[in-house]
Structure formats: structure tokens, C-alpha cells
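Structure first, then comments.
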Amino acid sequence: MVKSNYLETYFICGTRDVDMDDFLLTLETSLKNGVTCYQFREKGPGSLTSPTYIYKTAQLAQRLCQQYDVPFIVNDDLELALKLNADGIHVGQSDTAIKEVIQAFPNKIIGLSCHSVAEIKSANEHPEISYYGVGPVFSTTSKSDAEPPIYPDGLKECVAQASKPVVAIGGVQVDNVAQLKGTGVAGVSVISAIARAKDKQQVIKQLKSYQ
Ligand SMILES: Cc1ncc(COP(=O)(O)OP(=O)(O)O)c(N)n1
Ligand SMILES: Cc1ncsc1CCOP(=O)(O)O
Ligand SMILES: [Mg+2]
């Protein structure tokens, strides 16, 4: 049973976002300290390429999430999500078509990335989508092909039009998270803020202060 506030502090991480040897420890520390959702995102320079290694690594991450009762979401890869019977999948506008994802993965958490009010309006046509990941809100170094930032004002306009909960993504850090207050987001989604934090407990606590 997925908790109603599962989007509150949403951690995304793959092996390239931390030292490979630290990947599972990073995830477990984050889960222990209050991350409410996790997305396995294995892409970008230096990420794993072998489907077998990707599957095995994702499976270990999934088991950790199960221990902490936190949803395990797969980024982009519908086949992997199906094979693992993940709790959900997150896709973007240029990934597998949302209609196909909805059809192939019924009764699961389905996240869709949106960058504009127009994309939100077209996403609203699909009631099966669970949440929208909206951003980048600020500039990010974690995604080389990211769209330009929309900033908190753009985020607020998207939230106002969204028929589903919105998580803010992109460049969200401890020192700017307060700017999300009043935007109406259901949660924040981060890679580097948590992956690179020395004191993960403190950072996760501070990230929750957008509310
Ligand atoms: C929660 C969340 N929101 C947005 C994204 C970005 O998805 P996408 O645009 O498909 O880009 P990639 O992450 O696949 O590079 C996300 N992953 N998660
Ligand atoms: C996956 C993704 N989608 C839009 S921005 C982004 C990267 C978020 O990483 P960070 O929290 O380090 O900016
Ligand atoms: Mg994608």
C-alpha cells in the first residue's frame, strides 16, 4: 500500500551519481533518513551498460526500498520495470509514449515529466498518470539535456493547471528549497542534493522545509 505522502521527498539516483561502491549505502542511508520515494535512473556518462548488471543493481535497490516500505520507481525503462514488477515507472515527453506505458503497466505509479502548461494540459487527458515531475525549476548539472529552468513562478503556473500532484525537479538544493513554498507542489525530487550530501540526515530534513 503506497502512502499518501510518498512524493514528499523523492530521491533519484543511479550509479553515476555517486561512487559505484557507495551506491547501495547512499540509498540505504537516504531511506533510513526519510526519503519517501526512490527512482532508479541509470543513464548518462559512466552509467552501467550491461543489461544483466543493470537488472541486478536495480534488484538490490528494489529490495532495500521494500525493506523501508518506500516505492521503487524505474526511470524510462518499461521492460526493466515490468521484469522487476516495480512499484512504478517515470517517463518523459520523449520516452516510451505515455499511452503505451499506461497500457503495459496498469495499477502502478506512473510519473510523467512536464515542462510547460501546454504539456500539463495534455497530460491531464490521461487520468491514469499518478503524478507530474515538473522542471527543471533551477539550473541543474545532473542532466546534460535538461530544458531551460522554469523557476518557481513557472512551476506555480504548472501546478495551478495540473489535475495530478506535482513534484518539483531540477536544481533543488537546501539553499533554494524555501523558494518552492506557496507553489503548491506535493514534493521535491532531487539527485545531487542528497547524492552529494555529506550529512544526508540534515539535508533530507531541510529539503522537507518547502512545505
Ligand atoms: C520525478 C521526475 N521528474 C522528471 C524527470 C525527468 O524525466 P525525463 O524528462 O524523461 O528525463 P530523464 O530523467 O529520463 O533523463 C524524472 N526522471 N523524474
Ligand atoms: C532528472 C532531471 N530531470 C529534470 S532536471 C533533472 C536532474 C535533477 O538533478 P538535480 O537534483 O541534481 O538537479
Ligand atoms: Mg526519461
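Of note:
- Restraint check, Lys32/Lys108; Lys108/Lys200; Lys143/Lys198; Lys32/Lys181; Lys56/Lys181, Cα-Cα greater than 32 Å: Lys56/Lys181
- Coil-residue trypsin sites (Lys or Arg not before Pro) of segment 40-126, DSSP, other Cβ within 10 Å capped at 16: Lys43
- By the beta-carbon count within 10 Å of each Cβ, the least crowded to most crowded order of His90, His115, fewest first, is His115, His90.
- Evaluated over the Cα positions of segment 1-72, the convex hull gives a direction-averaged projected area, one quarter of its surface, of 4.7 nm².
- Sorting Glu147, Glu100 by the number of Cβ atoms found within 10 Å of their own Cβ, with the fewest placed first, yields Glu100, Glu147.
- Ellipsoid equivalent to segment 9-210 - semi-axes via the Cα gyration tensor, in Å: 24, 21, 15
- Stretchable slack from Asp69 to Val117, in nm (0.36 nm times residue separation minus alpha-carbon distance): 14.0 nm
- The modelled label-to-label distance for the pair Thr141/Gln201, using points 7 Å beyond Cα in the direction of Cβ, is 2.7 nm.
Every number in this text was worked out from the coordinates using simple rules, so none of it is lab data. Everything quoted here is computed from the prediction, not taken from an experiment. Cβ coordinates were reconstructed from backbone atoms using ideal geometry, including for glycine residues, and neighbour counts include every protein chain displayed.
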